[in-house]
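The values are calculated or read from the model by the stated rules, or taken from the named source; none is laboratory data. Model, not experiment: these values are computed from the prediction. Glycine also receives a Cβ, built like all others from the backbone with ideal geometry; neighbour counts cover every protein chain displayed. SASA here: full protein model, heavy atoms, side chains in, ligands and nucleic acids out. Shrake-Rupley method; radii C 1.70, N 1.55, O 1.52, S 1.80 Å.
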Amino acid sequence: MTNANKYVIIIQANQQDVGKAVHGLLYGQELHDEGFQVEILFDGAGTEWPNELSKADHPFHALYKQVMKSGIVKGGCQACSGFHNIEEEMQGAGVSLIGNAKTGGHIPFAQYMKDGFIPIVL
């Protein structure tokens with residue numbers, strides 16, 4: 001697979017932007033189903049989505065379960081989930097916290113670019 005076939009979808013949508021969050025999941029699943037390498041990350045206010053989407057009564061719960069089962073959700077920003085005080089909720093929703101000292105606990109965006117990923121930020 002060439003670098004043009006690698007995508008990182010970063011969901012930063014706040015709770016009022018359900019369309020952006022859902023489309024991030026939909027795009028990720030579609031790319032995955034079509035054979036592209038794709039990773040989905042939750043960042044900023046978007047770190048609040050895994051907890052919401054993991055609730056059985058959420059309208060997009062089934063989509064969230066499908067995307068999680070595909071294994072394309074790779075994590076959520078450690079620093080941002082700390083800022084929003086939802087680290088435990090993220091992990092409870094099945095999302096690992098990622099970040100490193102070099103990035104102040106944030107997702108390693110530059111590393112994704114070095115690794116040839118094309119970013120999609122919603």
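Element breakdown for the chain at a 1.4 angstrom probe: carbon and sulfur atoms account for 51% of the accessible area.
Per residue, the accessible area of the chain comes to 52 Å², computed with a 1.4 Å probe over protein heavy atoms only.
Considering only N14, A110, I120, the residue lying farthest towards the positive end of the dipole of the chain is A110, judged by Cα position with unit charges set on Cβ. Rounded to the nearest 20, the Cβ-based charge dipole of the chain about its Cα centre (Lys and Arg +1, Asp and Glu -1) stands at 280 debye. Only lysine pairs 8 or more places apart or on separate chains count here, and in the chain those with Cα atoms under 26 Å apart total 18. Counting only protein chain heavy atoms and rolling a 1.4 Å probe, the accessible areas of E89, E39, E34 rank, largest first, as E34, E89, E39.
Quote the Stokes-Einstein diffusion coefficient, in whole µm² s⁻¹, for the chain, based on the Kirkwood radius over alpha carbon pairs, a temperature of 25 °C and a viscosity of 0.890 mPa s. Show your work: numbers first, answer last.
Working: Rh = 14.2 Å.
The estimated diffusion coefficient comes to 173 µm²/s.
Close amide-amide hydrogen proximity is noted between L97 and G76, each under 5 Å apart and 5 or more residues distant or on a separate chain (H modeled in the peptide plane; Pro and chain starts excluded).
In order along region 43-60, the Karplus-derived 3J(HN,Hα) couplings, from 6.51 cos²θ - 1.76 cosθ + 1.60 at θ = phi - 60°, round to 9, x, 5, x, 5, 7, 5, x, 4, 5, 6, 7, 6, 4, 8, 6, x, 10 Hz, and Gly and Pro are given as x. Over the chain, DSSP H runs of length four or greater, each weighted -39,500 (n - 2.57), average out per residue to a 222 nm ellipticity of -11000 deg cm²/dmol.
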